[in-house]
């Protein structure tokens, strides 16, 4: 079974608002195992809307529209949809009653134009709107289904969940269940290379990679009639992938590299502290974004100036003088200093050139040293990141957490 | 002149990601005075993508695609677009060189599949990608223009601004010019109240408010043939608004509250330092996101535990014991301590309950104290923020910067 999504509204064509309705509908349809091959955005223009609806009806079993159900003359979705399907319009008394009640309840005056919202395609299933004035509807004709829903997210979401999802469930024999594997430290293309066989051969479940900022996610999606059956399909494929990618798989679904590292530290009963220069607090901010971070994190230092690095972390002035702030030696001394001052079990330091300009010693933008210290060892790694200031800082942060994770894995 | 936007990607059809590319492109095209009548989302399927491209080319002068330029076998936008327009493909040596350099620079191994990204439609204008491996391109044929761009927002946005916008400017007669005023400290509804007359009466330029996270922006948009003519239209309206809203207008266009505060500190030749508990580094991270922050910021302290607050900032153990970490007194002592340790001219401290749970003393989620110290005074303000952990931390951060800005305005 296939469906198409049509979002109607000039504000979408102008880019004034994001098309969150289309994403919501797409997510729900994919959960229902209904394939969506096209999404379209079109304005409140009768000719273009008619063409779009007819094309969609010719390609898909189900067409769902969002928006254009308002009271004003330029809201024409319902009317255009009805005429495209050759269905007449008729005042729907219960809806009119509901609209009148709505205005009474909210203490506002009902304008005559709102009557228009109660005029529905003949014989359609009327969908009550408990969060606005515009009812939605389902038209069934010639084996096709057209569903028109209001545009505002706070109206379309509850209406879909209350009325449309159950309706579509009956039509759909199986649903889709997904599990996401989160991968760090290797690029999308290498993941694709390692798993190309598996990805090409897998049909149920399917395996698809997505490159997110500084990580790759693999989505395993199974078509099944319930969660248990889905699990049986997904588990063996997940095993294969983990076997292929090993430790590069750092988590699943809603995990982040920060929450995962936070949990690992908790399990090992260890505390981390950071000494940040170019990341300026990003590492600390990231771990404290995880609730419960206080079990593994007590303090952190943002030491931007040479003087601060020297006074508070004990980085030697000679080293700063001789090698400059962006250097292996300074990164090591920052990590060591943070370890001594904080009393943490492990510390990470970051010093580098986030840009936009190279530093006073002519170090290029993107050069970053990440230092690492525990009670036994101090080490440092050099990186050359690309991108703008924000991206370089983010990559340095993720690389630091990746190093920390590797350390904890071998601990 | 008309354009159509085609976003390519299964992850869009599944609702995994929001179609922010389409919104960005729509906004830019509307700025250029180019009409967009349709936006389409289609998957990485050759037949359907070909149909979509051909339909778009038959309806519009310009077709812009986003996504599907990756190295993997299911990325087919460029190839499909070229064949739909009857253009051959050819290895583009400079692009290959750039991709190889990219992998060298980032110290990663280039996979064979990446070569595919350097194979371009013959005779197309190649658009360099300075934030990723996939170049974009512009194909001109039979009076039509097809532009293919990468999908990731951090790649498509700079590529469009650097290469596509100037290219389309030449093709467009009258353009839209916008100036954004950034407002902080008052809500959207009060802004609308104060400016309702102006907003209703203005046609060229138009004035439209948008509520962003913890701030309101007003966009003044003028239709004009060049920047000078637009300026003449926008300036008087901006004056009126500033007159009405006063200091609530903190900046324009790409300013952020962080960059504005950073500039104010620079002008006054002052240095700031932070003592953060519940924001965990967010304040430091925010000011260091501004390039040149090193002139006004030398160090900052993330003191999450009571012990750290005491040892490094000299917060008295009795106070911590008696009032708890989330208290006026601790906020004040943190700010004072940071002032002494850092030698900065002004310091801000944040201690509060970011959630999800209330703290051990039963303080409610969202209770935040922001302390403030300079060489003359120490003060503190209490806030009760709503929202989840992330929102509460962000609101605390923005409130701290708003306080700092007010202080600097009166300095």
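Of everything listed in (1) surrounded by fewer than 20 Cβ atoms within 10 Å (Cβ to Cβ); (2) part of a loop (DSSP other than H, G, I, E, B); (3) at pLDDT below 95, the single unmet condition for residue B:86 is (3).
Return a yes/no flag: does the range A:214-224 have any residue that is over 21 Å from the mean Cα position of the chain (by Cα), farther than 22 Å from residue B:12 by Cβ and not in a helix (DSSP H, G or I). Write out each step before concluding.
Step one: of the range A:214-224, the residues over 21 Å from the mean Cα position of the chain (by Cα) are A:223-224.
Imposing the further condition that a residue be farther than 22 Å from residue B:12 by Cβ reduces the set to A:224.
Narrowing the set further to residues that are not in a helix (DSSP H, G or I) leaves A:224.
Yes - at least one qualifying residue is present in the range A:214-224.
Once the range B:38-52 is narrowed to residues that are within 8 Å of chain A (Cβ to nearest Cβ) and surrounded by fewer than 19 Cβ atoms within 10 Å (Cβ to Cβ), the residue that is farthest from residue A:178 (Cα to Cα) is B:48. Within the set B:200, B:232, B:240, the sole residue that is more than 14 Å from chain A (Cβ to nearest Cβ), assigned to a helix (DSSP H, G or I), at pLDDT 95 or above and exposed (fewer than 14 other Cβ atoms within 10 Å of the Cβ) turns out to be B:232.
Quick one: would you say residue B:78 is in a helix (DSSP H, G or I) and either touching a residue at least 24 places away in the same chain (Cβ under 8 Å) or surrounded by 16 or more Cβ atoms within 10 Å (Cβ to Cβ) (or both)?
Judged against the criteria, residue B:78 is a match.
Residues of the range A:318-370 that are modelled with pLDDT under 95, under 33 Å from the mean Cα position of the chain (by Cα) and over 21 Å from residue A:285 (Cα atoms): A:356, A:357.
What's the total number of residues in the range B:6-15 that are more than 16 Å from residue B:150 (Cα to Cα) and touching a strand residue (DSSP E or B) at 6+ places or on another chain (Cβ under 7 Å)?
1
Considering the range A:143-154, and only residues there that are part of a loop (DSSP other than H, G, I, E, B) and touching a residue at least 60 places away in the same chain (Cβ under 8 Å), the residue that is surrounded by the most Cβ atoms within 10 Å (Cβ to Cβ) turns out to be A:150. Screening the candidates A:269, A:254 for the property of being surrounded by fewer than 17 Cβ atoms within 10 Å (Cβ to Cβ), out of contact with any helix residue (DSSP H, G or I) (no Cβ under 8 Å at 6 or more places or on another chain) and at pLDDT below 95 yields one hit, A:254. For the range B:65-75, taking the residues that are part of a loop (DSSP other than H, G, I, E, B) and closer than 27 Å to residue B:141 by Cβ, the one that is modelled with the lowest pLDDT is identified as B:73. On the stretch given as the range A:24-37, residues that are within 10 Å of chain B (Cβ to nearest Cβ) and either closer than 11 Å to residue A:3 by Cβ or surrounded by 21 or more Cβ atoms within 10 Å (Cβ to Cβ) (or both) total 8. Across the range A:53-64, the qualifying residues are those that are out of contact with any helix residue (DSSP H, G or I) (no Cβ under 6 Å at 6 or more places or on another chain) and in a helix (DSSP H, G or I), and the one among them that is surrounded by the fewest Cβ atoms within 10 Å (Cβ to Cβ) is A:58. If the condition is being in contact with a strand residue (DSSP E or B) (Cβ under 6 Å, 6 or more places away or on another chain) and modelled with pLDDT of 95 or more, then the range A:20-36 contributes A:21, A:22, A:25, A:26, A:36. Residues in the range B:155-197 that are within 14 Å of chain A (Cβ to nearest Cβ), surrounded by fewer than 17 Cβ atoms within 10 Å (Cβ to Cβ) and at pLDDT below 90: there are none.
Give me the residue from the range B:63-84 that is more than 14 Å from every other protein chain (Cβ to nearest Cβ) and touching a strand residue (DSSP E or B) at 6+ places or on another chain (Cβ under 6 Å) and, out of that set, nearest to residue A:218 (Cα to Cα).
B:77
Among the residues of the range B:286-293, are any away from chain A (no Cβ under 12 Å), within 23 Å of residue A:285 (Cβ to Cβ) and crowded, with 17+ Cβ neighbours inside 10 Å? Scanning the range B:286-293, I find no residue that is away from chain A (no Cβ under 12 Å), within 23 Å of residue A:285 (Cβ to Cβ) and crowded, with 17+ Cβ neighbours inside 10 Å, so the answer is no.
Residues in the range B:243-278 that are assigned to a helix (DSSP H, G or I), away from every other protein chain (no Cβ under 14 Å) and touching a residue at least 40 places away in the same chain (Cβ under 8 Å): 8 in all. All conditions in (1) surrounded by fewer than 19 Cβ atoms within 10 Å (Cβ to Cβ); (2) in contact with a helix residue (DSSP H, G or I) (Cβ under 6 Å, 6 or more places away or on another chain); (3) on the phi > 0 side of the Ramachandran plot hold for residue A:68, with the sole exception of (1). Put simply, of B:6, B:17 the only residue that is at pLDDT 95 or above, within 27 Å of residue A:178 (Cα to Cα), more than 7 Å from chain A (Cβ to nearest Cβ) and not in a helix (DSSP H, G or I) is B:6. When you look at residue A:373, is it modelled with pLDDT of 95 or more, in contact with a helix residue (DSSP H, G or I) (Cβ under 6 Å, 6 or more places away or on another chain) and more than 16 Å from residue A:278 (Cα to Cα), yes or no? The answer is yes for residue A:373.
The values are calculated or read from the model by the stated rules, or taken from the named source; none is laboratory data. Model, not experiment: these values are computed from the prediction. Note that we place each Cβ from the backbone using ideal geometry, even for glycine, and neighbour counts take in every protein chain shown.
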